[in-house]
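Right, one structure below, let's go through it.
The values are calculated or read from the model by the stated rules, or taken from the named source; none is laboratory data. All values derive from a computational prediction rather than experimental measurement. Virtual Cβ from ideal backbone geometry, glycine too; neighbours counted across all protein chains shown. Heavy atoms of the whole protein, side chains included, go into the accessibility calculation; ligands, DNA and RNA do not. Shrake-Rupley method; radii C 1.70, N 1.55, O 1.52, S 1.80 Å.
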Amino acid sequence: MEEVSFLMQMYVQYLRQERATMMENNIRFRQIGRWDHLPDAVLEEVNITLEQTRNNDGLTLVLALNYGSRAEITDAVRQIAVQVRDGTLRPEDVTEETISRHLYTADMPDPDLLVRTAGEMRISNYLLWQISYAELFVSPVLWPDFAVEDLHAAIRSFAGRSRRFGALDRSNSLL
C-alpha cells in the first residue's frame, strides 16, 4: 500500500510539473482507467490538467492509471447491458462499433504501433480491443533507457511494413 501511495504522489507531482509544458506545446492530456478509488488529490490534479488542456489540438498524451483492458471491456459490456435492459438498445444491434463507443478510448483512434520494451513478447492486458490491428515492435531496451533513437528505430520499422488490417497479402503468399 505504501508503494501505491508513493506512486500516486509521484503522479500528482508529475501533473503539476508538466502542466505548463503541455500548454506550451499544445498537448491535450487524457487519462484512461477506472477513476473510482483514486485518491482525491489525484482526481483534483487530473481534473485541473484535463480542463486546462482540453482545447489543445496538437498531440494527445494519454496516461493509463488504474487501468486494465479486461476491466475496460467489462465496464463497456456492463454499460451496454444496462442499455439493453432499459430498452434503449436491442441485443441484435450490438456491433463492434457499439463496444468501441463504450471503451475508455471511445473518442480516440486505435493505436497503429505498440512498442514493447525489455524484450517482452506479451501485451500485458493493455488496450486488448484497440490494438487488434496494431503493428508490434519489440525492443530489447529497458523502458527507463528507451531513448529518442530507439523510438526512431520503432518508427522506421513501422514505416517499412505493409499494413493489411486482417486481410491477406497475396503477394507474399506461399500458395
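At 1.4 Å probe size, with the rest of the protein present, what percent of the exposed accessible area of the chain is carbon and sulfur atoms?
54 percent
So which trypsin sites (Lys or Arg not before Pro) in the stretch 56-125 pass both tests, a DSSP loop state and at most 11 other Cβ atoms within 10 Å of the Cβ?
On the way: sites: ARG70, ARG78, ARG85, ARG101, ARG116, ARG122; in loops: ARG122.
Sparse-neighbourhood loop trypsin sites (Lys or Arg not before Pro): ARG122.
Hey, what's the stretch 1-81 come to in accessible area per residue, 1.4 Å probe, Å²?
Value for the stretch 1-81: 65 Å² per residue.
How charged is the neighbourhood of LEU128? Take every other residue with its Cβ under 10 Å from the Cβ of LEU128, and add Lys/Arg as +1 and Asp/Glu as -1.
Computed value for this residue: 0.
Could you work out the pair-distance distribution P(r) of the chain from its alpha-carbon pairs, with 5 angstrom bin width and percents rounded to whole numbers?
Reading upward from the zero bin: 1, 7, 12, 14, 17, 19, 14, 8, 5, 2, 1, 0.
Full extension from ALA118 to ARG16: what is 0.36 nm times the residue separation minus their Cα-Cα distance, to one decimal in nm?
Values: separation 102, 0.36 × 102 = 36.72 nm, distance 2.92 nm.
Full extension from ALA118 to ARG16 adds 33.8 nm.
Report the per residue volume, in Å³, of the convex hull enclosing the C-alpha atoms of the stretch 80-156.
On the way: hull volume 8.9 nm³, N = 77.
Hull volume over Cα atoms, normalised by residue count, gives 115 Å³.
Restricting everything to alpha-carbon atoms, can you work out Rg to Rh for the stretch 19-103 with a Kirkwood hydrodynamic radius?
Dividing the radius of gyration by the Kirkwood radius yields 1.09.
For the pair LEU7/ALA81, report the inter-label distance in nm, with labels modelled 7 Å from Cα in the Cβ direction.
Each label point is offset 7 Å from its Cα along the Cβ direction, giving 2.7 nm.
Quick query: amide H of GLN31 versus all other amide H atoms, modeled in the peptide plane; which residues come in under 5 Å with a sequence gap of 5 or more or a different chain?
Correct list: LEU63.
Could you work out the equivalent-ellipsoid semi-axes for the stretch 87-126, taking the square root of 5 times each eigenvalue of the Cα gyration tensor, largest first, in whole Å?
Working from the Cα gyration tensor, I get semi-axes of 31, 11, 8 Å.
As a test of the formula, what do you get for the chain when each DSSP H run with n ≥ 4 contributes -39,500 (n - 2.57) and the sum is divided by the residue count, at 222 nm and rounded to the nearest 500 deg cm²/dmol?
Calculated from helices alone, the mean residue ellipticity at 222 nm is -13500 deg cm²/dmol.
From the backbone phi of the stretch 104-116, what are the Karplus-calculated ³J(HN,Hα) couplings (6.51 cos²θ - 1.76 cosθ + 1.60, θ = phi - 60°) in whole Hz, Gly and Pro given as x?
The phi angles translate into 4, 9, 3, 9, 10, x, 5, x, 8, 9, 10, 9, 10 Hz.
Just want the answer: with Cβ charges of +1 for Lys and Arg and -1 for Asp and Glu, which residue in GLY166, SER100, SER124 is farthest toward the dipole's positive end in the stretch 80-175?
About the Cα centre, the residue reaching furthest to the positive side is GLY166.
What does a probe at HIS37 reach in the stretch 54-94, counting residues whose amide N is under 14 Å from the point 7 Å along Cα→Cβ?
65-72, 75
In whole angstrom, and with the biggest value first, how far do the Cα coordinates of the stretch 66-114 range along each principal axis?
37, 22, 14
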